[in-house]
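Comments concern the structure below.
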Amino acid sequence: MGKTDYWLQVAIRLYQLHGCQTVWIRNKKVELSEDGNYDAFLNDAKYFGWCPEEWQPRPDGVYESDDKDADQIIKFASISTFSNKRGGGHPRVMLMVFDEMIPEDRRYPKMCAQGLLSLANSMSRGRCKIIVCSNFVSAGNPYFALFEVYNNPKYDITLFDDKAICIELARGYRKAIKDESDFSKLMRAGKMPQYEDENSDPLIGLVSPIPKGSRPAPFIYLIDGKYYREWEKDGLRYYDLWNGELPNNIVVYTPNVTECTEGVQMLQAFLIKHMKETMDANLMRFKNPNVMFKILNVIYNAV
């Protein structure tokens, strides 16, 4: 059973046993609301007998029947339209499932991490658990960057008790596609990743000390009350905290409007573009994971 079917079965049982509703989230509205997407949402559930045949999916969720007054079981929502869900009570929502957190093209909706929090606040008011699933998870995603979390590669489960976040890395499970099947061979020939493979996170290799002889950039970033500086050597850009006094005549930029003052300017678009291009070219290095989180958060929030 895949992750989607597993949590769909949980959502169905929550409703059947306790009358609780579930919010099912995808990145874009069209992923669930268009014909052919929502129509197929209950296919496995009906095939395996998890829910009655009378249950009907609609563009906005799953209902007990096609009657206009039928009770709603699952509510559909999207990160790209999260602001549309503001207001109104959802007292029966006890579970939120964000399916396919990381898009295949790595193009995230604008303010996606904040959007997830906004949906959780608007629709559950802290009552429910939020389950986030993805085939491939890297530290280079806006959600981990915002919360400053990172799965420990030594363990299957990494707990951040102070943030109420738990990351589980699925390892040692049975693969959905056999290695030597015709389809597996076709995927390899097309250089497509096997999502069921166990992949290590390549971003751990981006943590590196700043080498001697590196040249500092003529500006400093102010992010959430702390200063960060960029250094360059041999084409690589290094980032670290700046804990000393600010150099004379240094330009200070911030991505946060609330931190703009007489001596601190709003981060310019050309610098954000420079940072993103540097990251895309694999030319960024970070003194430690916390610095990486802050810099990546600037990049992703600008997308």
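The C-beta contact set for segment 264-286 (first residue under 22 Å from LEU246 (Cβ atoms), second residue exposed (fewer than 12 other Cβ atoms within 10 Å of the Cβ), distance under 9 angstrom, 6+ apart or interchain) comprises MET266/VAL257. Would you be able to say whether some residue in segment 265-285 is in contact with a Ser or Thr (Cβ under 9 Å, 6 or more places away or on another chain) and surrounded by fewer than 16 Cβ atoms within 10 Å (Cβ to Cβ)? Yes. Checking each residue in segment 31-41 for being touching a residue at least 24 places away in the same chain (Cβ under 8 Å) and either of a type in the set (A, V, I, L, M) or assigned to a helix (DSSP H, G or I) (or both) picks out GLU31, LEU32, SER33.
Out of the residues in segment 203-249 that are of a type in the set (D, E, K, R) and either part of a strand (DSSP E or B) or touching a Cys at 6+ places or on another chain (Cβ under 6 Å) (or both), state the one that is farthest from GLN265 (Cα to Cα). Ranking the candidates gives LYS233 first.
When segment 17-35 is filtered for residues that are within 25 Å of the chain's Cα centre (by Cα) and of a type in the set (Gly, Ala, Ser), only SER33 remains.
In segment 48-64, how many are assigned to a strand (DSSP E or B) and of a type outside the set (A, V, I, L, M)? Within segment 48-64, residues that are assigned to a strand (DSSP E or B) and of a type outside the set (A, V, I, L, M) number 5.
Could you tell me whether any residue of segment 190-200 is modelled with pLDDT of 70 or more, loosely packed, with under 13 Cβ neighbours inside 10 Å and either in contact with a helix residue (DSSP H, G or I) (Cβ under 9 Å, 6 or more places away or on another chain) or not assigned by TED's automatic domain parsing to the domain that holds PRO109 (or both)? No; the residues of segment 190-200 include none that is modelled with pLDDT of 70 or more, loosely packed, with under 13 Cβ neighbours inside 10 Å and either in contact with a helix residue (DSSP H, G or I) (Cβ under 9 Å, 6 or more places away or on another chain) or not assigned by TED's automatic domain parsing to the domain that holds PRO109 (or both).
Conditions (1) more than 19 Å from VAL132 (Cβ to Cβ); (2) in a strand (DSSP E or B); (3) touching a residue at least 12 places away in the same chain (Cβ under 8 Å), marked per residue:
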position	(1), (2), (3)
TRP7	no, no, yes
TYR15	yes, no, yes
TRP24	no, yes, yes
ALA45	yes, no, yes
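Here SER118 fulfils each of the conditions (1) part of a helix (DSSP H, G or I); (2) touching a Pro at 6+ places or on another chain (Cβ under 7 Å); (3) polar (S, T, N, Q) apart from (2). Are any of the residues in segment 203-226 among the hydroxyl-bearing types (Ser, Thr, Tyr) and at pLDDT below 60? Looking for residues that are among the hydroxyl-bearing types (Ser, Thr, Tyr) and at pLDDT below 60, one finds none in segment 203-226, hence no. Being under 16 Å from LEU296 (Cβ atoms) and not charged (D, E, K, R) is the filter; apply it to segment 223-253 and report the residue that is surrounded by the most Cβ atoms within 10 Å (Cβ to Cβ). So the residue we want is TYR239. Can you tell me how many residues within segment 154-165 are touching an Asp or Glu at 6+ places or on another chain (Cβ under 7 Å) and not hydrophobic (A, V, I, L, M, F, W, C)? Number satisfying all stated conditions: 1.
The number of residues in segment 286-301 being aliphatic (A, V, I, L, M) and surrounded by fewer than 16 Cβ atoms within 10 Å (Cβ to Cβ) comes to 0.
There is no residue in segment 37-58 that is crowded, with 16+ Cβ neighbours inside 10 Å, under 19 Å from ILE165 (Cα atoms) and at pLDDT 90 or above.
Among the conditions (1) of a type in the set (A, V, I, L, M); (2) surrounded by fewer than 19 Cβ atoms within 10 Å (Cβ to Cβ); (3) part of a strand (DSSP E or B), ALA70 misses just one, which is (3).
Got at least one residue in segment 84-100 being loosely packed, with under 14 Cβ neighbours inside 10 Å, under 27 Å from ASN141 (Cα atoms) and within 21 Å of the chain's Cα centre (by Cα)? Yes, that holds for at least one residue.
The values are calculated or read from the model by the stated rules, or taken from the named source; none is laboratory data. In this text the structure is predicted, and so the values were computed from the model without any measurement. Positions of Cβ are generated from backbone atoms using ideal geometry, with glycine treated the same way; all protein chains shown enter the neighbour counts.
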